[in-house]
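Heads up: the structure comes next, in structure tokens.
We did not get these values from a lab; they are worked out from the coordinates using the rules stated. Values in this document were obtained by computation on a predicted structure and should not be read as measured data. Please note: Cβ atoms are built from the backbone with ideal geometry, for glycine as well, and neighbour counts cover all protein chains shown.
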Amino acid sequence: MSTAPEQTSVPKPPGKHRRKGRSHRRGRQVDPAALAEVRALLGDRPRRADLLVEHLHLLQDAYGHLPAAHLAALAAEMRLAMAEVYEVATFYHNFDVVKEDAPKPREVTVRVCDSLTCAMFGAEALKDALAKSIGGTVRVKYAACMGRCDKAPVARIGNRYVNDATPEAVKAAVDAGNKPDPLPDYVDFDGYRGDGGYRLLDACLNGEKTPDAIIEALDESGLRGLGGAGFPTGRKWRFVRQEPGPRLMAVNADESEPGTFKDRHYLLRDPHRFLEGMLIGAWAVEADSVYVYLRDEYPECRAILEAEIEKAKAAGLVRPEVHLRRGAGAYICGEESAMLESLEGKRGLPRHKPPFPSQVGLFGRPTLINNVETLFWVRDLIERGHDWFASEGRRGRIGLRSFSVSGRVKQPGVYFAPAGISVRELIDEYCGGMADGHAFKGYLPGGASGGILPASLGDLPLDFGTLEEYGCLIGSAAIIVLSDTDSAAAAALNLMRFFESESCGQCTPCRAGTEKAVKLMEGSGPWDTALLSELSSCMMDASICGLGQAAPNGLLSVFKYFPSDLADPEAK
């Protein structure tokens, strides 16, 4: 039997030994003033998570940057974790996130494109000159390709662009303020309708055409995806249509491949031809809604599409809901599944496949994904027939292609030319020849990811499947022409820096591989070809998506076709 004294409870004196309650909630506190500003800006817009990127654009447009207080307020208003808002805001290049207690950035930012064509035309010298002349009053920084490679070098001030930029022209644009560029002349709704536009869509909506007939016509035409992958369009529409509904459609209008500007060209000139193809595609797969993911660097295209979609809607031609969404500066979002992630309000991280977007796409639904130019040609191919398209082509190739040509030619621009044309013919017949004082040295047949070929291979047919044996790709047909004044090794280094900057960071081979490759290529000594080749193999074999898989193409092309450039000190 225990002899221990009985324990009694002794009440504690009031107010002593008690844990004090918190005077505030855990985590980052929301500033009432910032919350009021966010609420006023959002107005009655939905607070859905998929609109996060759109709401970040509203803040960026209104204040010129994204302060930490506004991000915390936006997270609270949308009922999202602060980490989720912050990781999305910092993922995209066009958002200027200002950390807590960091100084507010200067009111005006000048961005100078440093992608390959602009670099060839003096982007570095332009940035240095601007830093010296106006750098004390505005912020001057580099930015990735702006889709105006035919007007290199290019600078951006807000939504205003300076083509063929000089320090004087940029300064004048800064002094003029952030006024948007005037819209070009284009075929509006009345002009398009008056010239027979939307007759095909009318026939579809009225039951005169069936989805199977339209898809069969696309199969016969041989139309392939013109964003770079080249997948047969009719087959893609059929795959989506056979999946159980409800279905969606997403349009990739985020052409960010350095050297590519064809989609912008068509949207600025004949937007309804694209819209009609888009609406026919949505009708064929019975899509409830269409999401157009448009490059943020194309504000004039956005203004035109907003106005013209409303006109088509008023005419009763737009049956599905059409959502125009802005990208935010991320090359990786040109990859279809990364684009879907961005449309859902997330970071643009590519998804593992399968399942493919035709099965599990946007918001988990079967989704038809097409490029702008692919949809642009739907009406013509169906109305004019297979024979029209098949009658074009050279060297056994069939059809026509849009080539974005920039670099050392007299007349850069977008040219609709026969598939199978050679770059030498393209330069001589369409571009007015090489620029004065320049001799043809080489070319990039497919933008940053398509590799580099020498002038000795300038007679190869340009089309899908014709360049792979040479280690290159046609992709989106972005042709960048190099001359004897350019170093192929310097071009490859520029491309690798681009891929390092644009890697989403999800997979180690791409994230670490591009960074390591840049450091090896920037070194003071000769390039370690064995190590760089081994690193390239790892990236090509193990990267999740095409960015890391194609990043070494330019580097490997230099090893194969331009070994003499490796000794060029200017390459470093």
Item to complete: If a cysteine in the chain has no other Cys Cβ under 4.7 Å from its own Cβ, put it on the list, ordered by number.
Response: C145, C149, C204, C301, C333, C431, C472, C504, C507, C510, C538, C545
Worksheet item: Which of the peptides 323-336, 75-88 is most tightly packed, and how do the rest follow, going by the mean number of other Cβ atoms within 10 Å of each residue?
Response: 323-336, 75-88
Item to complete: Using only the Cα atoms of the range 149-287, construct the convex hull and provide its projected area averaged over every direction, in square nanometres to one decimal.
Response: 10.9
Practice prompt. Just grab the label-to-label distance for E216 and D541, each label 7 Å out from Cα along the Cβ direction, in nm (one decimal).
Written response: 4.7
Worksheet item: So between R384 and A83, what do we pick up on full extension, going 0.36 nm a residue minus the alpha carbon distance?
Response: 103.1 nm
Worksheet item: Based on the Cβ-Cβ distance from R48 to E306, what FRET efficiency comes out when R0 is 22 Å, to the nearest 0.05?
Response: 0.60
Worksheet entry | Per-residue HN-Hα couplings for the range 524-529 [Karplus 6.51, -1.76, 1.60; θ = phi - 60°; Hz; x = Gly/Pro] | 6, x, x, 5, 7, 4
Fill in: Residue-span extension gain [D202 to E321] - 0.36 nm each, minus C-alpha spacing
41.1 nm
Worksheet entry | Within the chain, helix-based [θ] at 222 nm, where runs of 4 or more DSSP H residues each add -39,500 (n - 2.57), nearest 500 | -11500 deg cm²/dmol
Practice prompt. Residues in the range 205-221, backbone N under 11 Å from the label point at E286 (7 Å along the Cα-to-beta-carbon vector): list them, ranges by number please.
Written response: none
Practice prompt. Send over the per residue convex hull volume for the range 139-182, Cα only, as a whole number of Å³.
Written response: 79
Response to the item:
Given pairs K141/K179; K410/K441; K171/K262; K236/K262 and cut-off 26 Å on Cα-Cα distance, the over-length ones are K171/K262
Worksheet item: Computed from the mean reciprocal separation of all distinct C-alpha pairs, what Kirkwood hydrodynamic radius does the range 418-495 have, in Å?
Response: 12.5
Worksheet item: Highest mean first, what order results for 164-170, 287-293 on Cβ atoms within 10 Å?
Response: 287-293, 164-170
Worksheet item: For the chain, what D do you get in µm² per second when you plug the Kirkwood radius from alpha-carbon pairs into Stokes-Einstein at 4 °C and 1.567 mPa s?
Response: 51
Worksheet item: What shape does the range 215-325 have by the C-alpha gyration tensor, where a ≥ b ≥ c are the square roots of the eigenvalues, rounded means a/c under 1.5, and otherwise prolate means a/b greater than b/c and oblate the rest?
Response: oblate
Worksheet entry | Distance between the range 337-366 and the range 217-281 - C-alpha centres, whole angstrom | 17
Worksheet item: Under the classification rounded if a/c is under 1.5, otherwise prolate if a/b is larger than b/c and oblate if not, where does the range 50-182 fall, given a ≥ b ≥ c as square roots of the Cα gyration tensor eigenvalues?
Response: prolate
Worksheet item: Where the convex hull is taken over the Cα atoms of the range 328-465, what is its projected area averaged over directions, in nm²?
Response: 10.8
Worksheet item: Gap in Å between the Cα centre of the range 106-144 and the Cα centre of the range 286-310?
Response: 29
Worksheet item: Which FRET efficiency value, to the nearest 0.05, is calculated for Y142 and E468 with the Förster distance at 30 angstrom and r the Cβ-Cβ distance?
Response: 0.40
Response to the item:
Applying the gyration tensor rule to the Cα atoms of the range 344-384 (axes a ≥ b ≥ c; rounded if a/c under 1.5, else prolate if a/b exceeds b/c, else oblate), the class is prolate
Response to the item:
Subtracting the Cα-Cα distance of A40 and L58 from 0.36 nm times their residue separation yields 5.4 nm
Discussion item. Modelling each spin label as a point 7 Å along the Cα-to-Cβ direction, I'd like the D128/S524 distance in nm, to one decimal.
Written reply: 2.0
Discussion item. How compact is the range 266-387 by the rule of thumb for globular proteins, expressed as Cα Rg over 2.2 N^0.38 Å?
Written reply: 1.07
